[in-house]
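> Questions regarding the structure given below will be posed in turn.
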């Protein structure tokens, strides 16, 4: 359970980046998480919401893009998504394939809005909420 | 609305410190290994058997991580190599800054091998680069052969799987071949050794792997330096 540390790192990065964009406020931060990154997205959302609660960033949305494990065949160059741990090439059946993505834990983008913009109220009400059963 | 591309790692600060550590290890010819497993899989026992088998003047040191207590460091200090306990106080993994801080008063030029025993946890340590040359994952035969499929990240990122406590195989329903197969499903190039720290079976293979890694690391360092 290190998602709290990850959420803190995301928020720190947002604050650092905002120093470069005076006169704006952040609406949404996007992260990419690979299936091999050992991050639970619900836990990350929960931690993120907990640390922005009652702060100046309480309306900040978190966008999560999940990235599958992708391999490239060393023989024919085919790139494919690995499903059920089968990393053999779907084109030539070679077992010599190399992992090219799937362990991402990356900051992708930050969406910022100028203060006084008409969409201010609308954006802050569109917070994504994780569904919890 | 403006979208600003960030395109950097979430843990870029940890990765920055880890890269500095890796450069320092490289400069001084230190092979650093990061040993990871669930709590109780036998990391400390493996280190005990390892330190016991090394010559007394070998240039080896150990950092051992736990949430609380100095117990592991006390167990490992008996072998008269430098050992330091890192107590995280609650954090479920070691990070690069903890390694940097605990190395501050050791001279890397006096070392050839640094063994890091991570906090017992099969999930979180896999996200934190410590500047190591390789990660090693330990899985004991009481844990279930499907662990590589349930916790793929650490098996994907480790060079070596140590299957431990094999002396218990007659008493537990653990299919050791299925465990190896599952590990290789996640990581086809995974090297595997099977050990018992109790009756010492397989320890020779582990020590051979370690010696080979140390041997391979040396020319690499000399090439980089020249």
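> Would you mind checking the tilt of helix A:41-52 against the longest principal axis of the Cα atoms of chain A, expressed as 0 to 90 degrees and rounded to 10?
20
> Here is a follow-up. Let me have the relative contact order for the stretch B:1-134, percent, based on Cα pairs under 8 Å that are six or more residues apart.
On the way: 226 pairs, mean separation 54.8, N = 134.
Averaging sequence separation for qualifying contacts and normalising by length gives 41 percent for the stretch B:1-134.
> Run lengths n ≥ 4 of DSSP H only: what is the helix-derived mean residue ellipticity at 222 nm for chain A, with -39500 (n - 2.57) per run over all residues, to the nearest 500? Walk me through the numbers before you get to the answer.
Values: 3 runs with 33 residues, N = 133.
Helix contribution divided over all residues of chain A: -7500 deg cm²/dmol.
> Just B:202, B:42, B:89 to compare: in a GNM of chain B, with alpha carbon springs under 10 Å, which one fluctuates most?
B:89
> Same structure again: Normalising by the residue count of chain B, find the relative contact order in percent from Cα pairs under 8 Å and 6+ residues apart. Working shown, then result.
Numbers: 397 pairs, mean separation 52.6, N = 226.
Here the relative contact order equals 23 percent.
> Where both partners of a DSSP beta bridge lie in the protein assembly as shown, what percent of those bridges are antiparallel, to the nearest 5? Before the final figure, lay out the partial values.
Details: 23 of 60 bridges.
Looking only at bridges with both residues in the protein assembly as shown, the antiparallel portion is about 40 percent.
> If one computes the Cα centroid of the stretch B:149-210 and of the stretch B:97-116, what distance in Å separates the two points?
Comparing the Cα centres of the stretch B:149-210 and the stretch B:97-116, I get a distance of 28 Å.
> When Cβ neighbours within 10 Å are restricted to other protein chains, what is their mean count per residue of peptide A:104-111?
Details: counts 2, 6, 7, 7, 5, 6, 5, 4.
The mean count of partner-chain Cβ atoms within 10 Å per residue comes to 5.
> So if each residue of separation counts as 0.36 nm, and I subtract the Cα-Cα distance between residue A:74 and residue A:41, what length gain in nm does that give?
Working: separation 33, 0.36 × 33 = 11.88 nm, distance 3.20 nm.
That works out to 8.7 nm of additional length.
> Same structure again: What value, in deg cm²/dmol to 500, does the helix sum -39500 (n - 2.57) over DSSP H runs of n ≥ 4 give at 222 nm once divided by the residues of chain B? Don't jump to the answer; show the numbers that get you there.
Values: 8 runs with 86 residues, N = 226.
Helix contribution divided over all residues of chain B: -11500 deg cm²/dmol.
> Ok, one more. Can you tell me the 0 to 90 degree angle between the C-alpha axis of helix A:3-18 and the longest principal axis of chain A, rounded to 10?
Between the helix axis and the principal axis of chain A, the angle is about 60 degrees.
> Please give the average number of partner chain Cβ atoms lying within 10 Å of the Cβ of each residue in B:120-128, rounded to a whole number.
Numbers: counts 0, 2, 1, 5, 7, 2, 5, 9, 2.
Neighbouring Cβ atoms belonging to other protein chains average 4 per residue here.
> Here's something else I'd like to know. For a quick check, take a GNM of chain B with Cα springs below 10 Å and name the residue from B:169, B:130, B:21 with the largest mean-square fluctuation.
Taking springs between Cα atoms under 10 Å, the residue moving most is B:169.
> Follow-up. Looking only at chain A, where both bridge partners belong to it, what percent of the DSSP beta bridges are antiparallel (to the nearest 5)?
Details: 17 of 24 bridges.
Counting DSSP beta bridges with both partners in chain A, the antiparallel share is about 70 percent.
> Now, a different point. Taking Cα centroids, how far is the stretch A:1-57 from the stretch A:88-108 in Å?
27
> Here's a follow-up. For peptide B:56-65, what's the mean number of Cβ atoms from other chains within 10 Å of each residue's Cβ?
0
> With chain B treated as a Gaussian network of Cα nodes joined by springs under 10 Å, which of B:147, B:165, B:43 yields the largest mean-square fluctuation?
Largest GNM mean-square fluctuation: B:147.
> Highest mean first, how do B:181-190, A:49-58 rank when packing is the count of other Cβ atoms within 10 Å averaged over residues?
Listed from highest to lowest mean packing, they are B:181-190, A:49-58.
> Can you tell me the relative contact order of the stretch A:1-114? Whole percent, Cα pairs under 8 Å, sequence separation 6 or more.
Reported relative contact order: 36 percent.
All of the numbers you see were taken from the coordinates with simple rules; none came from a lab. As the structure is a computational prediction, the values presented were derived from the model and not from experiment. Virtual Cβ from ideal backbone geometry, glycine too; neighbours counted across all protein chains shown.
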